[in-house]
Structures are given as structure tokens and as C-alpha cells.
Amino acid sequence: MLEVKHLTKTYKGGKTAVADLSLHVHAGDIYGFIGHNGAGKTTTIKSIVGIHDFDSGEILIDGKNVRTQPLACKKVTAFIPDNPDIYEYLTGIQYLNFLADIWQVSAVEREDRIRAEAEDFGIYSVLGDLVSTYSHGMRQKLAIIGALLHEPKLLVLDEPFVGLDPEASLLLKGKMHALCEKGSAIFFSTHVLELAEKLCNRIALI
């Protein structure tokens, strides 16, 4: 589902953030990406989802190259950053409908999925409120719901449990398992070894 082959990324000034990294995430995997702060986890993730370009190597998502087939890769991928930046002038439901339009989720499917996910995460009653009024945890839940709307084949998360309350963390873990049971793959970064040990079936250390 995700292949990273000899990825190297160097920033201006000569700092090498990632050097010759290779890994393979299969369908059904919950794959933990472990490393200390500054090890290159976020750089790798942003290269995978198309935010950063990279110097050398190759990244394939569902057999497609992120450089030559970026839209095809993005159609089957969802990304949740460590600090979700959501349009504050939209309401929660406007934001989710905006994402559903991008993912081309039908009106019937989106209505059912939005209601189900928002009720699970306890924010259905505030979807009509502006995002600017949401707490950090509520914004994170909104970002998670948006990422799940099109049932991505690859879900990429950067430190996804930071800022979530215990109930929401447990719920997200369950949804990660459910997604993988349908044949998707999950790749997420963490520096918490205990979390990776309990949740992941495969890990990589950087």
C-alpha cells in the first residue's frame, strides 16, 4: 500500500532531515513510525503526502508514484497533521462538506458518515458552530472525521493521540482497527513506545 524507497530529503542550508530511508506498509497494517523529536518523522510523512518535495528516492501509494501521479495518490490517502489547521471561518459541517466535495463522496453517503462519526466523537451538536469556537481537541476530532469520510486506503497521521482525551483516543484506536479490517493501511508517527507496542503490528525506527 505504501512503499518508500531510499528517500533522502535535505533542507536549505545543508541539513539532511532524512537519509536513504526505505520501508513498506502493507494493506491491513497499523504501522508505527518511531523516533525522537527531530529524527525526521514529520519530514518523511510530509514527503509521503505530497507537502514536501524530496531530493532522491521514490514513494509509491497503492502502486502509484507520488511525484508523477500526485492526484491519484491523494484520492486514496488521508492525512491528519499533529496540529490541524482548519478554516476557522467555516462551521464544522461546512468544513466536512467541503472535504466530502473534494473526495467526491455522494450526498447520501456523506450525510450518514458525518452523522455517525460526529456522534461517535461527541461533536454532532456543535457542527453548526464556527470552527473558531472549537477547542484544540474538538478541532482534532473534526480533522479525524474529515479524514475518514472517503474511507481512505492509506491513513497517515502525525502524533495523532496528542491532545485527544482518553475516550477519543480509545475511539480512534478502534476506528483504525476497523479501517484496516476493510483492507486499508495506517502509517503514524509517535515517540511513545508503549502506544506502538499495544497498537501496531509493525514498526520502523528512525
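Per-structure values
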| quantity | calculated |
| --- | --- |
| Some residue of region 35-52 being surrounded by fewer than 17 Cβ atoms within 10 Å (Cβ to Cβ), out of contact with any Lys or Arg (no Cβ under 6 Å at 6 or more places or on another chain), assigned to a strand (DSSP E or B) and among the β-branched types (Val, Ile, Thr) | no |
| Filter result for Leu96 (under 24 Å from Gly137 (Cα atoms), surrounded by fewer than 20 Cβ atoms within 10 Å (Cβ to Cβ), touching a residue at least 24 places away in the same chain (Cβ under 8 Å) and not basic (Lys, Arg)) | no |
| Residues of region 61-82 that turn out to be closer than 22 Å to Ala143 by Cβ and without any contact (Cβ under 8 Å) to a residue 12 or more places away in the chain, as a count | 1 |
| Candidates Val108, Val162, filtered to the one that is in contact with an Asp or Glu (Cβ under 7 Å, 6 or more places away or on another chain), open to solvent by 60 Å² or more (accessible area, probe 1.4 Å) and either in a loop (DSSP other than H, G, I, E, B) or not polar (S, T, N, Q) (or both) | Val162 |
| Residue match in region 132-143 (condition: in a helix (DSSP H, G or I) and over 30 Å from His36 (Cα atoms)) | yes |
| Residues (open to solvent by 60 Å² or more (accessible area, probe 1.4 Å) and either of a type in the set (D, E, K, R) or part of a loop (DSSP other than H, G, I, E, B) (or both)) located in region 18-34 | Asp20, His26, Ala27 |
| Residue in region 125-139 that is surrounded by fewer than 14 Cβ atoms within 10 Å (Cβ to Cβ), of a type in the set (Ser, Thr, Tyr) and touching a residue at least 24 places away in the same chain (Cβ under 8 Å) present | yes |
| Candidate set from region 1-17 (those that are assigned to a strand (DSSP E or B) and without any contact (Cβ under 8 Å) to a residue 40 or more places away in the chain); member that is farthest from Val66 (Cα to Cα) | Thr16 |
| Conditions (1) at pLDDT 95 or above; (2) in a helix (DSSP H, G or I); (3) open to solvent by 10 Å² or more (accessible area, probe 1.4 Å); number of the one not met by Gly146 | (3) |
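The values are calculated or read from the model by the stated rules, or taken from the named source; none is laboratory data. Because the structure is predicted, anything quoted here is derived from the model rather than measured. With ideal geometry, Cβ positions are generated from the backbone for all residues, glycine too; neighbour counts draw on all protein chains shown. In case anyone asks, the SASA skips ligands and DNA or RNA and just uses the protein heavy atoms, side chains included. Shrake-Rupley method; radii C 1.70, N 1.55, O 1.52, S 1.80 Å.
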